Each structure stands twice: as structure tokens, then as C-alpha cells.
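The values are calculated or read from the model by the stated rules, or taken from the named source; none is laboratory data. Note that the coordinates shown come from a computational prediction; the quantities given were computed from them, not determined experimentally. Methodologically, a virtual Cβ is constructed for each residue, glycine included, from the backbone with ideal geometry; neighbour enumeration extends over all protein chains shown. Please note that ligands, DNA and RNA were not included when accessible areas were found on the heavy atoms of the full protein model with its side chains. Shrake-Rupley method; radii C 1.70, N 1.55, O 1.52, S 1.80 Å.
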Amino acid sequence: MAFELPDLPYPHDALADLGMSRETLEYHHDIHHKAYVDNGNKAVAGTEWEGKTVEEVIKGTYDPKAVAQNGIFNNASQYWNHNQFWKWMAPGAGKKMPGELERALTEAFGSVDKFKEEFSAAGAGQFGSGWCWLVKDKDGSLKVTKTENGVNPLCFGQTALLGCDVWEHSYYIDFRNKRPAYLSNFLEKLVNWEEVAARL
Ligand code: MN3
């Protein structure tokens, strides 16, 4: 199955009032995400992975000892990560956290604020490029994790409930070097909590 760039679920300027500018989304979606799609298709062409689903490619090519050198894995994982990332944000008000999610986070982390602190610390503490995540682990427990480069929860058999891109291309236009401010803004203004709850 060839990788295809999905449209953003909202116009490019829809998040501008919430701290993610049109310019960021033009670069991040139209250029960076598209490059993962194009390079991923080139990388799998003629290999055993051509025609496989992106999830199969990610799980089948992940090698923790050789992440940086693995073009098929890197492009497939970043393709998938960004497909999710756009859906984890939404414009406008009315993104209240569903009660079911609030209860699950409180049970796992002590409070929603504690969860946000842990999530932000994971993102701020990821050295270099990567992602921070809220995952449902194989035993059903909720955890905050961080990963390098394009590595994602699929690699570990976990369900990604929420992820935040902490590559510089995700925040440098709007927040310059202030990754913690970008993470705080993401949690307070951008996250579509209904999408997160739907993945529980
Ligand atoms: Mn990115």
C-alpha cells in the first residue's frame, strides 16, 4: 500500500490563534510530512515491504540498535506519527476533556495536572529530535514515554493515545528555542481530548 499524504483535518490557518501558525503547518505538513511520504515510498519500492501497511512496515523494520541508519523505518514511522499528530489537535473551543479520560488520567497519574507535568517533562527532556507520548501499555496501564527520532509506541506493542512532536521543525517558527512553552501551549490550547479519549 503506497503511503499517501493526508489532507490536514482543518485549514492551515485554523490553529494560528492557538499558537500554531499557518507558516508552521505549511512547512510541517506540506514539506516535512510530504517528504516522509515520498522518501518512504522510494525506500520501500522493490523491497519485501512494498505493498505492506505502514503499521506492518514499522513493526517489521524497527531495530533499536540501528534507528538512525534505517531509511525504511524512519520514513514509515514519521509518516504514521504525523498522520496521528494532525488529528490530536483541533481548532476552536469545546475541546473539553471527556470525563472518562479525566478519570483514567487521575487514576494513573494522581491528577490531570500531574499527567501534564509528566508529559511536558518527557518532551522537554528528550535530547534531540523525538516525540513524547501518552500510551496504553500491553497490560492496559497508562504511561508517559519519550522516544528518539521517529520511534513510536507501535514499536513496543503499545497504543498511542497522544503524541507530541518535539523535533525543532514543529516549534521553531512559533516558539524559537522554547520547547517547554510549545509543550505547555500544546496541552493547554491545541489538544483534541475527544480524539485522545476515543483511543482509550
Ligand atoms: Mn514533525
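Sorting Asp174, Asp113, Asp7, Asp165 by accessible area puts them as Asp7, Asp113, Asp174, Asp165; the probe is 1.4 Å, largest comes first, and only protein heavy atoms count. How charged is the neighbourhood of Ala16? Take every other residue with its Cβ under 10 Å from the Cβ of Ala16, and add Lys/Arg as +1 and Asp/Glu as -1. Net charge around Ala16: -3.
Once you order the gyration tensor axes a ≥ b ≥ c over the Cα atoms, which shape class does the stretch 21-87 get: rounded for a/c under 1.5, otherwise prolate or oblate by comparing a/b with b/c? Cα axes put the stretch 21-87 in the prolate bin. In this Cβ point-charge picture (+1 for Lys and Arg, -1 for Asp and Glu), the chain has a dipole of about 380 debye about its Cα centre. Apolar share of the accessible surface for the stretch 99-199: 47 percent from carbon plus sulfur atoms, 1.4 Å probe. What the pair-distance distribution of the chain shows, using all Cα-Cα distances binned every 10 Å from zero, is 9, 36, 37, 17, 2 percent.
Taking amide H atoms as placed 1.01 Å from N in the peptide plane, the amide H of Leu161 lies under 5 Å from those of Leu134, Val135, Lys136, each 5 or more residues away in sequence or on another chain. Going by accessible surface with a 1.4 Å probe and the largest first, Met20, Met97 read Met97, Met20. The GluC sites (Glu not before Pro) of the stretch 18-105 that meet both conditions, a loop assignment by DSSP and at most 12 other Cβ atoms within 10 Å of the site Cβ, are Glu48. Just checking the listed ones, Leu134, Leu101, Leu161: in the Gaussian network model of the chain with Cα springs under 10 Å, the one fluctuating most is Leu101. Can you give the net charge of the other residues whose Cβ lies under 13 Å from the Cβ of Tyr171, counting K and R as +1 and D and E as -1? Neighbourhood net charge equals -1.
Couplings 3J(HN,Hα) of the stretch 104-111, computed from phi: 5, 5, 5, 5, 7, 10, x, 6 Hz, in residue order, whole Hz [Karplus 6.51 cos²θ - 1.76 cosθ + 1.60, θ = phi - 60°; x for Gly and Pro]. Here's the picture: charge each Lys and Arg Cβ at +1 and each Asp and Glu Cβ at -1 in the chain, and of Gly130, Pro11, Ile58 the one pushed furthest to the positive end of that dipole is Gly130. Probing with 1.4 Å while keeping every protein chain in the model, the per residue accessible area of the stretch 99-199 equals 45 Å².
For the stretch 99-199, place one equal point scatterer on every Cα, skip the solvent, and apply the Debye formula. What is log10 of I(q)/I(0) at q = 0.15, 0.16 Å⁻¹? Each listed q corresponds, in turn, to -0.57, -0.65.
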